[in-house]
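Asker: Right, I'll just put the structure down here and ask away after.
The values are calculated or read from the model by the stated rules, or taken from the named source; none is laboratory data. If you're wondering where the values come from, they're calculated on a predicted model, not measured in any experiment. Note that each Cβ is placed from the backbone with ideal geometry, even for glycine, and that neighbours are counted across all protein chains shown.
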Amino acid sequence: MSSTIRKALALLAACAGLAGAQPVPAQELTVSVWGGGYGETWKKVAVDPFAAQTGIKVTVDMGPSNQRLSKLLAQRGGIDLLFITDHQMAVAKARGLLEPFDPANVPNAANLIGFARDPLGDKLCPAITVLGIGLAYNKDHFPAPPKAWGDLLRSDLKAPPAFMDIAFSVAPSMLVQLAELNGGSIDNIDPGLKAMSDRKSRARFFKLFEVLDWINRGETSIAPMLNTYVKRDPNVPLRFAFPENDAIGVVNLACIVKGTKNKAEAERFLNHYLSDAIQAQMAATFGEMPVTTTAKIPDGVPYEVLTPDRIARLKFYDPVKLGAERQRWIDKFEEAVVAK
């Protein structure tokens, strides 16, 4: 072999080596989740261990669920994995913004409890927790814990009741409950709007955690609230109780956004989130009910955690129906309650 040919082959080999040595693009993932103190703690509990174990760079896009949903609808993407309430996820599905995960890449999904496997249909995505709406109240204003939704509408309360602003992620479910309490239904929410409007001069409306301070200060007697927001603390008057009948169930989902370039990373995080360790940690930290058959609720959780028997008694409203009516109900709430 001539020296010229040998030099040419050596040059080709060197070029091939340089090509093979090109840096591999860094693995990245953007997850959209609820904000505030919840989001910051959630990042420490769920994201930081994942990033440390995998080396994947995770950006957490935090904020109120209504704002995050509106942003997704406007941008038709921009994130890889969306954590949000079921009826809001139904809106994203209706707009064609979700894509199914591959069960082979999320083996922990095999352990999901029945209701959590495919809440939206089409095998799109799993539930990641189930929550319950009950009654937050000031124990000094009640001789015994309130037992019914009707306690929100009593005229003899020591302080005004508080109702959810329509911007609250689970407000549509609570609106249907108020409608049913006053002769309406999911197909006729006007009685629920009227019940709030009639009490507007005395009632207060909240968007998130501020109502807990109102209750502790005695400015509000009672309000509908998620069980995971009311922490047991014997040093304050705030307490939580589920109504004896018609406590409302709410399911949160995690779904992959269509068109993501980081689907493998999203599936890897989803599998991580459904692991026994993270499901148990979410229960311990936030009181969120695990959705797998293998995860255990730790002892001493300072929240009213949903047990399987309690879940069986919860009332769940159709998320697809709630999602389809979402904007119309927002408009009606603004007209009947805010503007009136």
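Asker: For the condition surrounded by 15 or more Cβ atoms within 10 Å (Cβ to Cβ) and either in contact (Cβ under 8 Å) with a residue 60 or more places away in the chain or basic (Lys, Arg) (or both), what is the one hit in PHE142, PHE168?
Answerer: PHE142
Asker: More than 13 Å from LEU270 (Cβ to Cβ) and assigned to a strand (DSSP E or B), is that true of THR41? Full working, then the answer.
Answerer: Values: more than 13 Å from LEU270 (Cβ to Cβ): yes; assigned to a strand (DSSP E or B): no.
Taking the combined requirement at face value, the residue does not satisfy it.
Asker: Additional query: Among the residues of region 44-72, what is the count of those that are in a helix (DSSP H, G or I) and within 19 Å of ILE84 (Cα to Cα)?
Answerer: Initial filter on region 44-72 (in a helix (DSSP H, G or I)): 44-54, 65-72.
After this cut, where a residue has to be within 19 Å of ILE84 (Cα to Cα) as well, the list is 44-47, 65-72.
Counting residues in region 44-72 that are in a helix (DSSP H, G or I) and within 19 Å of ILE84 (Cα to Cα) gives 12.
Asker: As an exercise: evaluate PHE209 against (1) surrounded by fewer than 16 Cβ atoms within 10 Å (Cβ to Cβ); (2) more than 19 Å from the chain's Cα centre (by Cα) and give the number of the one condition it does not meet.
Answerer: For PHE209, the failing item is (2).
Asker: Given (1) among the small types (Gly, Ala, Ser); (2) at pLDDT 95 or above; (3) over 27 Å from LEU82 (Cα atoms); (4) out of contact with any helix residue (DSSP H, G or I) (no Cβ under 7 Å at 6 or more places or on another chain), where does ALA223 come up short, assuming only one miss?
Answerer: (4)
Asker: If LEU193 satisfies every condition in (1) of a type in the set (A, V, I, L, M, F, W, C); (2) closer than 17 Å to ASP318 by Cα; (3) surrounded by fewer than 23 Cβ atoms within 10 Å (Cβ to Cβ) but one, which is the exception?
Answerer: With respect to (1) of a type in the set (A, V, I, L, M, F, W, C); (2) closer than 17 Å to ASP318 by Cα; (3) surrounded by fewer than 23 Cβ atoms within 10 Å (Cβ to Cβ), LEU193 is out only on (2).
Asker: Restricting attention to region 40-75, report how many residues are farther than 22 Å from THR260 by Cα and of a type in the set (Gly, Ala, Ser).
Answerer: The total comes to 1.
Asker: Tally time: how many residues in region 136-189 are in contact with a helix residue (DSSP H, G or I) (Cβ under 6 Å, 6 or more places away or on another chain) and of a type in the set (Lys, Arg)?
Answerer: Within region 136-189, residues that are in contact with a helix residue (DSSP H, G or I) (Cβ under 6 Å, 6 or more places away or on another chain) and of a type in the set (Lys, Arg) number 1.
Asker: Same structure, new question: Taking the options ALA264, ALA277, ALA283, ALA295, name whichever one is small (Gly, Ala, Ser), assigned by TED's automatic domain parsing to the domain that holds LEU73, part of a helix (DSSP H, G or I) and surrounded by 18 or more Cβ atoms within 10 Å (Cβ to Cβ).
Answerer: Going through ALA264, ALA277, ALA283, ALA295 in turn, the sole match is ALA283.
Asker: Here's another thing I want to ask about it. So the check is Cβ under 7 Å with 6+ separation or different chains; which pairs have a first residue in region 319-332 that's within 23 Å of PRO126 (Cα to Cα) and a second one that's acidic (Asp, Glu)?
Answerer: PRO319/ASP86
Asker: Starting from residues that are touching a residue at least 24 places away in the same chain (Cβ under 8 Å) and charged (D, E, K, R), keep the ones in region 77-97 and report whichever is surrounded by the fewest Cβ atoms within 10 Å (Cβ to Cβ).
Answerer: Ranking the qualifying residues of region 77-97, first place goes to LYS93.
Asker: Any residue in region 38-50 that is within 17 Å of GLY287 (Cβ to Cβ) sitting within a Cβ distance under 7 Å of a residue that is in a helix (DSSP H, G or I)? List the pairs, counting only those 6 or more apart or interchain.
Answerer: Between residues of region 38-50 that are within 17 Å of GLY287 (Cβ to Cβ) and residues that are in a helix (DSSP H, G or I), the close pairs are THR41/THR285; VAL45/GLN281; VAL45/MET282; VAL45/THR285; ALA46/TYR273; ALA46/ILE278.
Asker: Take ALA264 and tell me if it is of a type in the set (Gly, Ala, Ser) and modelled with pLDDT under 95.
Answerer: no
Asker: Using beta carbons and a limit of 8 Å, which pairs, at least six apart or on different chains, have the first residue in region 204-215 and in the same structural domain as LYS139 (by TED's automatic domain parsing) and the second one surrounded by fewer than 20 Cβ atoms within 10 Å (Cβ to Cβ) and among the acidic types (Asp, Glu)?
Answerer: Here the result reads ARG204/GLU219; PHE205/ASP165; PHE206/ASP165; LYS207/ASP165, each pair linking region 204-215 to a residue that is surrounded by fewer than 20 Cβ atoms within 10 Å (Cβ to Cβ) and among the acidic types (Asp, Glu).
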